[in-house]
Structure formats: structure tokens, C-alpha cells
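Below is one structure, written out as C-alpha cells, with a few remarks after it.
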Amino acid sequence: MSAGATASSSSSGRPLVVKIGGAAGVDLENVCTDVAELVRRGERVIVVNGGSDAGERLLGALGMERPEVTTANGNVVRLTYAPTLRALTMAWVGEVNKAVVLALLAKGVTALGLCGADGRVLTARRRPPLKLQTGDGRMRIDREHLAGEVSSVNTALLGTLLEGGYVPVVCPPAVTEEGVLVNVDADAVASALAVAVGARALIIISNVPGLLSDPKDPATLVRASDDVQGCMALAGGRMRYKLEAVRRALEGGVPTAYVSASRVARPVFSALEEAGGTKFTLRERTLADAGA
């Protein structure tokens, strides 16, 4: 696909959702340069920012931590409580989100930062209490953790902003119907937004080149796949969250999703033009697949 083809597809009216990862090593300026160029070409773009590195740095500076616990079924998770969520919100919203907004403003883009609570752009369901192992063979129930899943998106607000020429920059946390802030995964936010607005593509930009069959060898990059579920066997760590976000986006009607690196030339265009990263599509169901 040529750059011209990328630009001409804006005539479809379907926006692009670009998620900028929050891990250390992500080149924010590089990604924002591409977003600004897309906007100049007439694309409607929604940006989602993460903030994992900034959040962990702030928690460390404040002498706070998110405890690791083991659930009843053996999964190791990190819990977020009210004090830590307040600090994380400072990092995600006050530091990273505003850094993205400022980078875009400097490039002539009218960007507007929103966390999930602003205009209730992201409403979430709070996850139920967790049954946790205590280490002495017993179990305890944790009812205080503040994790959630996006349940609805304020598409009317986003549509108004896009029509007005703004680039919304959205980040966690989200808000429950009761007005409680909850931690939601930023990749999941990007996926939910892409589905809700009928995006033509979801582009997840991170500090990794894409899906690698050998995580230690960049030469093993998987260029394209129509079997996201099958790719889960290759993924570890945060990549599993990204693939889950991709799966949900594709199954929700987004035609194409990409996972790519920020520290390459023209990272967003590189993904869209299939010159870098991993492209994901949904495998078409055949009569055999359907059991006919």
C-alpha cells in the first residue's frame, strides 16, 4: 500500500485509532509526527495513551507499590487500590496524556486530552471481588481492588470532537456508573474505542517491533496473521494483552489491526503500509469452519 493509498482511504469517513504504548523506550515524538501527518491528509484520528513506565516511576518516588498476589486459580496479578490509583491517575493523565497533547499541539494538531471519566467517555464495570491465596493454604476475598472493564464508550462526544477537527487523546482510568474511578488496561481501551467508533484500523505502537516467534530475535517477526488466537502461543508478558485487544477489535468489526514499534522511520505509516510490524486480520469463516 502506498502513502497515497493510505491518505485516500480517509474518504471512507472511518477513523483510525492509534494507541501509543506507555512502556520505557517508546518514541512519542516519532509517533506524533505521523499522527500530525495523517490529520493533514484528512484522516480522523483518535489517540490512546498508556502510561505504565511513568506510573511505576511515580509510585516508586512516592514509596508506593502495587502488591502481587496469586488468585485461587494460580494467576499472578497486581492489585490497584484507591491510593495507588490516585497516583497512577496523576501519571497517566497529568504527565503522559498531557505530553501527548503538547507534542501534537506543537505539530499543529488541535489535540484534546481526556481520561475515561471526562464526559464519561469510558464507562466501566468494576470487576468482582477476587479470591486470593494467602500462602498458608487458606483463601481470602479481596473486595477493595479497583480494576474494571470498559462497558460503554461515549461515541457522541468523540464524534462531536472529530467533526470539530479535534484529535481526542484518551487514557485510563475509566469511571463506573456509580462515579468510581477504576483501572482499565490501555490496550483494551484502544480496542473498545476502535469497535465503538467503527474504526477502519487499530494501530498499537509500542517498544517492540511486533509479534516475534522468538521474543529474543527481531528477525523472527511475524509479518501477518489471520489467526490471533493461534498467535497467543507465541506471546508472553504485555504482548498477550495486545493480542487480546487485537482479537476483540477484529471480532468487533475493525477490519485490520497492527502491532508495531515506535523507533522506526514513520512508525504509523510503516504499519499501515505493511512495511513493518505485524498485521492482523480476521480469518474468513468457510463452510467447513461452520460445520456445514
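The values are calculated or read from the model by the stated rules, or taken from the named source; none is laboratory data. Since we're looking at a predicted model, the values are computed, not measured. A quick note on method: Cβ atoms are made from the backbone with ideal geometry, for glycine too, and the neighbour counts reach across all protein chains shown.
The set of residues in segment 22-37 that are touching a strand residue (DSSP E or B) at 6+ places or on another chain (Cβ under 7 Å), of a type in the set (A, V, I, L, M) and in a loop (DSSP other than H, G, I, E, B) comprises Ala23, Val26. Considering segment 99-119, and only residues there that are touching a strand residue (DSSP E or B) at 6+ places or on another chain (Cβ under 6 Å) and either in a loop (DSSP other than H, G, I, E, B) or of a type in the set (D, E, K, R) (or both), the residue that is farthest from Glu43 (Cα to Cα) turns out to be Ala117.
The test for being more than 22 Å from Leu272 (Cβ to Cβ) and surrounded by 14 or more Cβ atoms within 10 Å (Cβ to Cβ) holds for Leu234.
Here Arg238, Arg263 are screened, and the one residue that is at pLDDT below 90 and within 28 Å of Met90 (Cβ to Cβ) is Arg238. Within segment 170-211, the residues that satisfy the criterion of being among the aliphatic types (A, V, I, L, M) and part of a strand (DSSP E or B) are Val170, Ala174, Val175, Leu181, Val182, Ala201, Leu202, Ile203, Ile204, Ile205. Looking only at residues of segment 74-89 that are closer than 18 Å to Ala117 by Cβ, under 21 Å from the mean Cα position of the chain (by Cα) and not small (Gly, Ala, Ser), we find that the one that is surrounded by the fewest Cβ atoms within 10 Å (Cβ to Cβ) is Arg86.
With the structure loaded, tell me whether Gly74 is farther than 18 Å from Gly179 by Cα and in contact with a strand residue (DSSP E or B) (Cβ under 7 Å, 6 or more places away or on another chain) or whether it fails that test. Against the criterion (farther than 18 Å from Gly179 by Cα and in contact with a strand residue (DSSP E or B) (Cβ under 7 Å, 6 or more places away or on another chain)), Gly74 does not qualify.
Out of all the residues in segment 55-69, is one or more surrounded by 22 or more Cβ atoms within 10 Å (Cβ to Cβ) and under 19 Å from the mean Cα position of the chain (by Cα)? Yes: one or more hits. Scanning segment 1-20 for residues that are modelled with pLDDT of 95 or more and not in a strand (DSSP E or B) turns up Arg14, Pro15. The residue of segment 209-221 that is surrounded by the fewest Cβ atoms within 10 Å (Cβ to Cβ), among those that are within 20 Å of the chain's Cα centre (by Cα) and in contact (Cβ under 8 Å) with a residue 24 or more places away in the chain, is Pro209. As for segment 241-258, it holds at least one residue that is modelled with pLDDT of 85 or more, among the acidic types (Asp, Glu) and surrounded by 14 or more Cβ atoms within 10 Å (Cβ to Cβ). The residues on offer are Val182, Val169, and the sole one that is among the β-branched types (Val, Ile, Thr) and within 30 Å of Gly13 (Cβ to Cβ) is Val169. Every test in (1) in a strand (DSSP E or B); (2) surrounded by 14 or more Cβ atoms within 10 Å (Cβ to Cβ); (3) aliphatic (A, V, I, L, M) is passed by Ile141 save one, and that test is (2).
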